[in-house]
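Below you'll find the structure, written out as C-alpha cells, and then a few comments.
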Amino acid sequence: MSGFNNNWYTEVFAASGSAFGLQVTKKLDEVQSPFQKIEMYETTHFGNLMVIDDVIMLSSRDNFLYHEMLSHPVLFTHANPKNVVIIGGGDCGTLREVLKHPGVETVTQIDIDEQVTRMSEKYFPELCASNNDPRATLKFDDGIKYMREAAAESVDVIIVDSTDPIGPGEGLFNRAFYDSCRKALRQGGILVQQSESPLIHMPLLKDMRQAMQDAGFDALQTLLFPQMVYPSGWWTCTLARKGAGFDGFREADAAAAAFSTEYYNVAVHKAASAWPNFMQKALADEAE
C-alpha cells in the first residue's frame, strides 16, 4: 500500500509488482479538495514532493524532464504555434515552459482542481513564476467540457498534462475527448498528451493511439524520456496531428532558442522519437 512510513514515502505499483520510494524529512501539508487528496512532503534529496490520491505527481528535482518534453517538442514541431490550450497542468510547470516561446500569443490552462495550483504556488513557486504573464489565462473548470465547447479551428496546440486515467483524469483518454480536440485544432494543429510508461503501460498506450486514430488524426508520434519518480522511471508523450504528417521539426529554431532548458535540446528531440524493438513490435499493426 502506498504511503508515508518510517521516513519514506513509497508508492506501490501493484499491477507491475514494483514500487518506488523517496526518503522524506517531514510532511509539509495535506488538503482534501472536492476532487482528490493532495499531500506535500519534504524529501532528503529530491526537494518537495507532491502526491495526489497516493500517487506521486512531481518532485522539485526531476519535474523538468516531464514539463520540458511535454512542451518544447510539440511547439517546435508546429510550424507557428500562437494559441495554446493546456488541459490539466495545475502545477503550472508546463505553462511556464510554453510561455518561454515568444511567438506564443495566448495560453489557456484549464484544470478542474484549483487546490493543485494553490499548493504549487506555495511549495513549487518556481513552477508558477509565469502565472501572471499577460498571455496566460488560468481557468479552474472541467477540461473535457471546455474542449467540447471550444470553437472549431481556434487552437494551434493542445497539451494534455493529466494525471493517470483514473479519477478526474479518466475522461481524457478516449475517442470522445479526442474528437473534441481535433475539432478545435486548426489544420496542422497538434494534440500532445502524456501517455504513461512504454514498459508497463503498453496496453494503455496502444488504446490511446487507436482512439486518436479513430478520432481522425492523420499522424501520430510517440516520444520517450526518463522520469525517475514515475512507474518504471521511463515515460512517453504522444503527439497527434490534424491534416498533416510528422516530417521533422524546426531544428534551427530549437537550436537558436533564446531561453534555457535543463533537458530538452535538438539531439534529445531527435533521440526521443527512436523506438526500441519491443515498442516497434507492440505497435507494428499501426500506421506511424
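Relative protection proxy for 83-92, 142-151, from highest mean packing down: 83-92, 142-151 (other beta-carbon atoms within 10 angstrom).
Adding -39500 (n - 2.57) for every DSSP H run of four residues or longer, then dividing by how many residues the chain holds, sets the calculated 222 nm ellipticity at -7500 deg cm²/dmol. For the listed peptides 104-111, 252-259, a ranking on the average number of other beta carbons within 10 Å per residue, highest first, reads 104-111, 252-259. With all pairs of separate Cα atoms included, segment 172-248 yields a Kirkwood hydrodynamic radius of 12.7 Å. For the chain, averaging the sequence separation of C-alpha pairs within contact (under 8 Å, six or more residues apart) and dividing by the residue count gives a relative contact order of 16 percent. The spacing between segment 134-152 and segment 211-257, judged by their C-alpha centroids, is 22 Å.
Note on the chain: Rg/Rh from Cα positions, Kirkwood definition for Rh, rounded to two decimals, is 0.94.
Toward the positive end of the charge dipole of the chain, about the Cα centre and with charges on Cβ (Lys, Arg +1; Asp, Glu -1), which of Ser197, Asn174, His78 goes farthest? Sorting the options by dipole projection puts first His78. Against the chain, whose longest principal axis is taken from its Cα atoms, helix 202-214 shows a tilt of about 30°. 3J(HN,Hα) couplings calculated from phi for segment 35-48 with the Karplus curve 6.51 cos²θ - 1.76 cosθ + 1.60 (θ = phi - 60°) are, in sequence order, 10, 6, 8, 10, 10, 10, 10, 9, 9, 6, 10, 10, x, 7 Hz; Gly and Pro show x. How far is helix 114-123 tilted, in degrees, relative to the longest principal axis of the Cα atoms in the chain, given as a value from 0 to 90 rounded to the nearest 10? So the inclination is approximately 60 degrees. As an equivalent ellipsoid, segment 1-150 spans semi-axes of 29, 16, 15 angstrom, where each value is the square root of five times an eigenvalue of the C-alpha gyration tensor, largest first.
Across segment 61-68, rounded Karplus estimates of 3J(HN,Hα) from the backbone phi angles (6.51 cos²θ - 1.76 cosθ + 1.60, θ = phi - 60°) give 6, 10, 5, 4, 4, 5, 5, 5 Hz, Gly and Pro being marked x.
Sorting the segments 62-71, 132-141 by their mean number of nearby beta carbons within 10 angstrom, highest to lowest, gives 62-71, 132-141. Over the Cα atoms of segment 21-101, the radius of gyration divided by the Kirkwood radius equals 1.05; this is the Rg/Rh ratio. Expressed as a fraction of 2.2 N^0.38 Å, the value expected for a compact globular protein of N residues, the C-alpha radius of gyration of segment 1-44 is 1.26.
DSSP beta bridges fully contained in the chain are about 65 percent antiparallel. Scalar couplings 3J(HN,Hα) for segment 186-197, obtained by applying the Karplus form with A = 6.51, B = -1.76, C = 1.60 to θ = phi - 60°, are 6, 4, x, x, 10, 9, 10, 9, 4, 10, 6, 8 Hz; x denotes Gly and Pro. Of the cross-linked pairs Lys183/Lys270; Lys145/Lys206; Lys37/Lys145; Lys100/Lys122; Lys183/Lys242, those separated by over 19 Å at the C-alpha level are Lys183/Lys270; Lys145/Lys206; Lys37/Lys145; Lys100/Lys122. Derived value for segment 124-260: Kirkwood hydrodynamic radius 16.4 Å. Basis is the mean of 1/r over every pair of different alpha-carbon atoms. Between amide H atoms placed 1.01 Å from N, distances below 5 Å from Met57 occur with Met50, Val51, Ile52, all of them 5 or more places distant or on a separate chain.
Here, each number is a calculation from the coordinates, and none is a lab measurement. Note that this is a predicted model, so its numbers are computed, not measured. Here Cβ is always computed from backbone atoms with ideal geometry, including for glycine, and neighbour counts include all displayed protein chains.
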